[in-house]
Structure formats: C-alpha cells, structure tokens
Amino acid sequence: MSDFTEEVIRARERLRAAAKEVARANGITQEKALELVADLALAFVDGVTRSSRFAGLSEEWMRIAASAKRPPNCRAPCAFSESLEHVLRVRYKFMDMHYLLAVRGRSGGT
C-alpha cells in the first residue's frame, strides 16, 4: 500500500468503515465477519478499477463494467473475482472445500 497517498489511504479506511457499517445494519455482528466484508469491498473496488484486461476500451465506465462482468461460460476468473478469491484464500483461509461444506450444509447434504 506504499504507492498510495495519505489521502487515498484515508479514503480506503473510510470505505472499510462504511462497508462495516452497512454490514452491521444488515445484521452482521462478529468482528471477523465485519473485517471480511471490508476486505472484500476493497478487493472488489481494486479489482474493477486496477484491471488492465480491458485497457483498450476508451470509456472508463465500460472498462469497469467489463472487469466486473463474468462472461457466459467463463473458464478464467474475472479481474475482481481473482481479487476476492485472494482475500478469501490467503487472508481468511477459506478454500473450495469450505465452500462445498457450506453448500452441502445449506442443502441438508453431508
């Protein structure tokens, strides 16, 4: 984060705080869950605004939309999903097996 100015660092802190506030308003209470929401919010914003995948598009809004959109039958992760996946896997150690267990638990399977 050393390439950010103090102003950008403060803006990122405000975004984290706002994401947590929205999560609290939606009933999330545990600190680890609130931190995850804040991390994912930042990862999403970074993913759709830093991606160079669609640099050839002249309109900024189109580059952001294209970065956020998962194409039909997408075999490669999209820019923001790579960022979100990094947060989930590296910072929170949430792997595919955890997801499968959560889905099975939700569906009543074992």
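Bear in mind that the values in this text are calculations on the coordinates, not laboratory data. Quick caveat, the model's predicted, so the values are computed rather than measured. Please note: Cβ atoms are built from the backbone with ideal geometry, for glycine as well, and neighbour counts cover all protein chains shown.
Observations
- Computed log₁₀ I(q)/I(0) - Debye formula, equal Cα scatterers, no solvent, the stretch 1-64, q 0.19, 0.27, 0.28 Å⁻¹: -0.81, -1.07, -1.09
- Per-residue 3J(HN,Hα) values for the stretch 56-63, derived from phi via the Karplus relation 6.51 cos²θ - 1.76 cosθ + 1.60 with θ = phi - 60°, read x, 6, 7, 8, 4, 4, 5, 5 Hz in sequence order (x marks Gly and Pro).
- Distance (nanometres) between label positions extended 7 Å along Cα→Cβ at Tyr92 and Glu31: 1.7 nm
- Nitroxide proxy distance, nm - points 7 Å out along Cα→Cβ at Arg14 and Val45: 0.9 nm
- Theoretical FRET efficiency, 1/(1+(r/R0)^6), r = Cβ-Cβ of Ser58 and Glu6, R0 22 Å, to 0.05: 0.10
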